[in-house]
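Where a number appears in this text, it was derived from the coordinates with a stated rule and is not lab data. This one's a predicted model, so the numbers in the text were calculated from it and none came from an experiment. Backbone-built Cβ (ideal geometry, glycine too); neighbour counts: all protein chains shown.
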Amino acid sequence: MSDYFAVAAVTAVMRTILQDALAQSALPGQLANATITALPPDRILIGNEEKAQLNLFLYRLSSNTGWCNEGLPSRDASGQRIANPPLALNLHYMMSVYGPNPFDGELLLAWAMQIWHETPVLTRDILQTALTEMAKPIAQPAPEEQALATTTLPDQVELIKLVQEPLGIEELSKMWTAFQVSYRPTVAYQASVVLIQRRDAARLGPPVQKRHIKAVPWQQPVIEDVSPAIARTGDILTLRGRNFIGDTPASTGVSFDGGVPVAPAQVQGNALRVQVPASLPAGIATVAVRQSIALGDPPTPHVGSTSNLASFTLAPTVLSPLAGSFKAGTTLTVQTDVQIGRMQSVSLVIGTSELPIDIRPASGPPSSSSVDIPIPADFPFVQPEASVPLYLRVDGAQSKLYIDQDTTHPTHGQLVPQITVTAP
């Protein structure tokens with residue numbers, strides 16, 4: 001691979017090739033003594049001081065798409081360098097010509113294009129010869145040119161290839177406007193590819209002492225149906241689909257809302273049953289089947305295949321109040337069997353009236369199993385007093401009326417919750 005001298009070395013070699021070709025050319029008049037330079041266009045003398053000159057200018061560098069992903073990843077989780085991938089660059093040149101006489105520019109430009117047409121590849125011999133010649137004392141090289149002669153560019157894996165790049169009127173206009181100089185005939189070339197790579201040794205990990213290979217069939221679990229569609233905490237969900245068993249039935253788990261997988265109560269190839277955990281918040285919940293693979297010695301579980309996501313509704317259950325009389329203008333505390341997040345949308349339905357609850361303050365707990373709902377003083381209570389159903393809605397999941405099975409409750413055997421709202 002090359003060092004960082006390679007970019008400037010390519011420019012210097014291209015200039016040297018043109019200078020050597022000019023010395024053997026049959027260009028007429030003063031064109032045979034034209035100057036070959038590698039300068040920014042704004043440093044070229046024009047006007048009355050203009051002379052026959054051909055200029056190479058490196059106006060852009062771009063990443064080479066063929067090499068840009070070579071050697072990745074190059075760093076470990078701690079940011080330490082573990083590989084030494086090359087910096088792959090394409091060099092974009094503009095070649096412009098100058099001259100005081102008519103046709104000077106056309107002659108020089110056509111001659112130079114013919115040289116590059118006949119030299120489409122900068123071989124290792126061409127590179128080494130040009131760099132050696134440039135560093136000879138007779139050439140009176142500058143310190144920078146002497147440094148370029150030490151580059152490892154001739155030893156890189158890829159050869160430097162020259163390709164003419166089409167530039168339209170718009171691109172040329174933008175470039176010459178940026179240079180803030182008068183336009184001259186211009187041709188663009190791309191030199192590809194320069195591979196810059198450090199010689200520092202990368203930090204390598206310890207050698208592998210034991211190798212464990214395990215082949216498993218690619219059978220991703222697929223969930224096709226979840227029942228019941230509306231469940232409560234502690235209910236048994238039945239998932240139906242295919243490929244639910246991995247290495248063993250014990251390697252299959254069920255993840256709720258992306259959490260840690262829990263062990264199902266029963267696993268078959270096309271069905272499994274799992275209990276809804278108490279930690280799951282009310283609302284729309286997701287479920288996925290995750291399989292682990294035992295690898296290593298001793299065998300250790302590793303992450304395996306994961307199914308598609310399926311959804312169901314986790315409805316809250318009102319635990320209290322189950323019955324009673326409450327005055328309008330007071331606050332009603334509702335206790336549920338699920339956790340309700342601070343940012344979840346919550347409302348209470350008393351009879352046919354819905355009371356939305358504002359977002360809980362940030363100073364409160366992130367979740368709670370109870371909510372406080374103010375009953376407005378103008379609540380439309382009924383006359384004569386009568387019990388009406390009470391429902392709790394959390395993110396669209398609504399609680400249901402149920403028969404109280406607790407023999408210690410005064411509402412045992414009754415349909416609850418039902419409350420009475422009285423006048424303030």
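Listing for the model above:
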read-out	value
Segment 53-110: relative contact order in percent, alpha carbon pairs under 8 Å with at least 6 residues between	44
Spacing of the two label points (7 Å from each Cα toward its C-beta) at E170 and E49, in nm	3.7
Net length gained if the chain between N69 and S305 were fully extended (0.36 nm per residue, minus Cα distance)	82.2 nm
Computed lengthening from R199 to V216, 0.36 nm per intervening residue step minus Cα-Cα distance	2.0 nm
Whole-angstrom gap from segment 112-148 to segment 282-354, using each part's C-alpha centre	74
Hz values of 3J(HN,Hα) by residue in segment 290-306 - Karplus curve (6.51, -1.76, 1.60), Gly and Pro given as x	10, 10, 10, 10, 7, 10, x, 9, x, x, 10, x, 10, 5, x, 7, 10
Nearest-ten-degree value, helix 104-118 long axis tilted from longest Cα axis of the chain	70
Helix 124-134 axis, angle to the chain major axis (alpha carbon atoms, nearest 10°)	60
Segment 6-196: relative contact order in percent, alpha carbon pairs under 8 Å with at least 6 residues between	27
Contour minus Cα-Cα distance for T119 and D76 (0.36 nm per residue)	11.2 nm
Spin-label proximity, T177 to segment 72-95 - amide N less than 20 Å from point 7 Å beyond Cα toward beta carbon	94
Per DSSP, loop GluC sites (Glu not before Pro) in segment 74-179 with at most 10 further Cβ within 10 Å	none
Residue exposure sequence - T331, T336 - by fewest surrounding Cβ within 10 Å	T331, T336
Lys/Arg +1, Asp/Glu -1 at C-beta; the chain dipole; positive extreme among I115, L272, Q197	L272
Centroid-to-centroid separation of segment 171-232 and segment 44-83 [C-alpha atoms, Å]	18
Contact order relative to length of segment 222-314, as percent, for alpha carbon pairs under 8 angstrom and 6 or more apart	33
For segment 318-422: rounded, prolate or oblate by the Cα gyration tensor [a/c cutoff 1.5]	oblate
